[in-house]
Amino acid sequence: GAEVVFSVDCTKLKDYFLPEKREFDCIYFNFPHCGRKAGVVKNRQLLAHFFRSSAEVLTEEGEVHVALCNGQGGTPADQPRREWHNSWQIVAMAAGAGFILSNVHPFKPETIHGYKCTGYRSQDKSFCIEGALNHIFTRSTPLPYFKPVICEIELESRKVSFQVPQVLVDKINRGFLELNSNHPVRTVKEKLTAELSQAFLLKNIDYCLSLLHQRHLNDVCHSNIFWIMLSPEETPSTEEMSNGLANAVLFSHVDFCRDTDKNGWVNVQEGCHISKQYYLRPSLLPHAQAIIQRGAFLPGTLHVLSGPVFRKCLITPYSMPVFHEVVFVCAVNRGAENSCIQVLVNSIKTSIHSLHQTVSGFKLNINLQETSSFETTRLNDFAAFESQLSKIQSFICLERDTSGSCEKGSCVGIIRTELVSSELVVVFASLNLDLLAMLICGISDWRMLWTSDTRFLRQFPRGELRLFKSFSLYPPSYVHDVSFWVPDGEQFDEVAFHTIARQVSGEMVVSIQLMDSFQQPETGRKSLCYRLTFQSCDKALSRQEVAEMQLLFRKEINQRLRVTLR
């Protein structure tokens with residue numbers, strides 16, 4: 001009952017099928033080859049054209065299966081693995097057509113009835129298929145192209161609007177912690193609070209938390225803050241706004257500089273030299289401290305605050321420009337703080353142990369390390385920033401090696417205390433929910449938490465926590481270098497450099513390394529050379545797309561950091 005079509009050109013599949021017959025659920029190509037002694041370059045081109053052709057006749061949920069001889073694909077699944085330049089680079093060729101590698105397994109000819117291995121050097125001879133692999137590709141969600149987003153919020157009893165920094169456009173108002181969310185970040189928070197409710201009377205105060213702060217942050221590097229500004233004297237062009245160049249740096253007081261639209265929203269602008277400055281909240285701790293200062297707390301009650309926080313940071317595996325924080329605050333009589341901390345930490349430990357054992361089947365050690373005994377070199381971005389905000393008493397770490405020490409990146413929370421009166425001490429515990437969800441569910445890349453691909457949340461039905469299985473295996477990576485002269489007499493802002501890379505690539509840059517630093521003896525001019533590695537965790541990323549990102553990155557750092565490109 002099957003229709004067989006002969007002499008089909010695999011690079012022009014749509015030419016051989018009528019429009020109503022072009023939606024295939026599965027396309028198989030066993031051991032593609034250009035014929036005779038064709039080298040790797042020609043076979044890469046064959047694969048690239050085949051994938052582009054397949055994209056025209058495949059259903060949205062369809063699969064493309066490609067079997068290759070051992071070593072040809074160039075992925076870590078090949079044993080032994082060929083050097084990348086000597087392989088067919090199958091994941092990169094597929095990415096050019098919008099496909100990601102979602103599964104790979106041994107090719108078993110005995111499972112295919114009537115299969116015969118033939119065609120060695122275009123002859124009726126068999127070839128070696130021992131160790132051959134079947135690569136299964138699926139469609140990727142397209143790379144995002146974000147338009148400017150205006151956020152509308154309540155501030156000081158007024159409705160105000162401001163432009164969201166371009167790097168955060170896809171991360172604002174995602175609702176991960178809302179009641180109808182199945183996101184693992186919310187599940188972790190709910191499990192934590194359920195365990196704590198057995199030891200404390202809980203009071204949730206998320207509803208009163210503003211996205212914006214105006215209080216001055218002591219001892220915090222201002223380059224780590226997302227400041228907000230719209231200046232009437234320097235109104236950005238439409239093109240600049242689409243490129244994110246209007247990502248503001250100041251948000252001035254609405255009583256003096258405002259312009260109200262027909263809906264009553266206040267467009268906040270700068271230009272009146274007002275002392276109040278606004279920025280996206282980098283932490284919930286100031287909110288917690290404000291509650292204490294107002295006296296709006298009940299002694300013995302555990303107050304719970306949670307929500308996303310925003311920080312400019314360097315690009316490293318554990319640095320997140322946005323993550324969900326939960327803060328627990330409890331006021332106790334002076335002298336009872338150590339007992340409160342012990343109960344709090346024990347409840348957190350019990351909850352995390354239970355979650356991790358349910359997901360992975362084995363226990364995860366949790367350690368409370370005093371600040372004095374904690375090596376600063378092991379601080380991840382979360383812990384380092386919290387250290388700037390206030391004096392920390394202890395770090396909550398997940399032990400991930402046999403030595404019992406805290407690995408960099410495994411610090412998931414902090415504990416601190418504050419004396420508010422002669423009789424009362426307040427205990428604060430802050431946890432990074434995103435990092436906790438990653439460690440519990442085995443998610444290796446923080447960006448996966450923010451993916452728009454529905455295959456992510458499908459793995460956590462009804463809010464169940466499970467061990468995550470990536471749907472994009474061995475994504476290709478691309479390396480580009482950039483070198484430039486730093487402006488004379490200026491300190492180079494590395495955080496701004498990394499933030500621009502995040503923005504222009506849509507978080508596709510996974511690593512930035514300083515390769516060389518040179519100072520000209522005669523003039524004192526300084527030159528820097530950085531290496532950028534581009535890689536996506538959930539989307540198809542092609543060489544051409546990365547080349548365009550690199551060109552835009554060069555243009556942006558030239559204009560915004562005033563460097564001279566080499």
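The values are calculated or read from the model by the stated rules, or taken from the named source; none is laboratory data. Just so we're clear, the structure is a prediction, and the values are computed from it rather than from any experiment. Here the Cβ is made from the backbone with ideal geometry for all residues, glycine too, and neighbour counts use every protein chain on show. Note: accessible area is taken over every heavy atom of the protein model, side chains too, but ligands, DNA and RNA are not part of it. Shrake-Rupley method; radii C 1.70, N 1.55, O 1.52, S 1.80 Å.
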Completion exercise
In the set LEU192, LEU101, the lone residue that is open to solvent by less than 40 Å² (accessible area, probe 1.4 Å), in contact with a helix residue (DSSP H, G or I) (Cβ under 6 Å, 6 or more places away or on another chain) and assigned to a strand (DSSP E or B) is LEU101
Practice task
Go through segment 336-353 and count every residue that is within 29 Å of the chain's Cα centre (by Cα), open to solvent by 40 Å² or more (accessible area, probe 1.4 Å) and among the β-branched types (Val, Ile, Thr).
Solution key: 1
Completion exercise
For segment 155-177, pairs from a residue that is at pLDDT below 90 to a residue that is in a strand (DSSP E or B) and of a type in the set (Asp, Glu), with Cβ under 9 Å and 6 or more apart or across chains, are LYS159/GLU152; VAL160/GLU152; VAL160/GLU154; SER161/GLU152; PHE162/GLU152
Practice task
Could you figure out which of (1) of a type outside the set (Gly, Ala, Ser); (2) at pLDDT below 95; (3) touching a strand residue (DSSP E or B) at 6+ places or on another chain (Cβ under 6 Å) isn't true of LYS116?
Solution key: (3)
Completion exercise
Of the conditions (1) open to solvent by 20 Å² or more (accessible area, probe 1.4 Å); (2) closer than 23 Å to CYS537 by Cα; (3) modelled with pLDDT of 95 or more, the single one that GLU464 does not satisfy is (3)
Handout entry: Residue count, segment 514-543 (criterion: under 22 Å from the mean Cα position of the chain (by Cα) and polar (S, T, N, Q))
Key = 4
Practice task
Please name all residue pairs, on different chains or six or more residues apart, with Cβ atoms under 6 Å, provided the first residue is in segment 477-502 and is under 30 Å from VAL91 (Cα atoms) and among the hydrophobic types (A, V, I, L, M, F, W, C) and the second residue is open to solvent by less than 30 Å² (accessible area, probe 1.4 Å) and part of a strand (DSSP E or B).
Solution key: VAL479/THR533; VAL482/TYR530; ALA501/VAL509
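Out of GLU418, GLU490, which single residue is in a loop (DSSP other than H, G, I, E, B) and farther than 24 Å from PRO76 by Cβ? I'd like the intermediate steps shown before the answer.
Values: GLU418 fails: in a loop (DSSP other than H, G, I, E, B).
Exactly one residue qualifies, and that residue is GLU490.
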Fill in the blank from the handout: Apart from one, (1) modelled with pLDDT of 60 or more; (2) buried (at least 17 other Cβ atoms within 10 Å of the Cβ); (3) not basic (Lys, Arg) all hold for GLU399; the odd one out is (2)
Exercise for the section: Would you point out which residue out of VAL322, VAL327 is open to solvent by less than 10 Å² (accessible area, probe 1.4 Å), in the same structural domain as THR451 (by the TED database) and within 20 Å of LEU168 (Cβ to Cβ)? Expected result: VAL322
Practice task
Considering only segment 44-97, state which residues are surrounded by fewer than 17 Cβ atoms within 10 Å (Cβ to Cβ), among the charged types (D, E, K, R) and closer than 14 Å to THR11 by Cα.
Solution key: GLU56
Exercise for the section: State which residue is nearest to THR75 (Cα to Cα) when the search covers only segment 137-154 and only residues that are assigned to a loop (DSSP other than H, G, I, E, B) and hydroxyl-bearing (Ser, Thr, Tyr). Expected result: SER140
Fill in the blank from the handout: Here the residues within segment 13-22 that are closer than 12 Å to SER53 by Cα and either hydroxyl-bearing (Ser, Thr, Tyr) or exposed (fewer than 13 other Cβ atoms within 10 Å of the Cβ) (or both) are ASP15, TYR16
Practice task
May I ask you to verify whether GLY71 is over 36 Å from the mean Cα position of the chain (by Cα), over 30 Å from VAL169 (Cα atoms) and part of a loop (DSSP other than H, G, I, E, B)?
Solution key: no
Practice task
Would you check if there is a residue in segment 23-39 being surrounded by fewer than 15 Cβ atoms within 10 Å (Cβ to Cβ), aromatic (Phe, Trp, Tyr) and not in a loop (DSSP other than H, G, I, E, B)?
Solution key: yes
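Is at least one residue of segment 49-62 assigned to a helix (DSSP H, G or I), basic (Lys, Arg) and without any contact (Cβ under 8 Å) to a residue 40 or more places away in the chain?
No: segment 49-62 contains no residue that is assigned to a helix (DSSP H, G or I), basic (Lys, Arg) and without any contact (Cβ under 8 Å) to a residue 40 or more places away in the chain.
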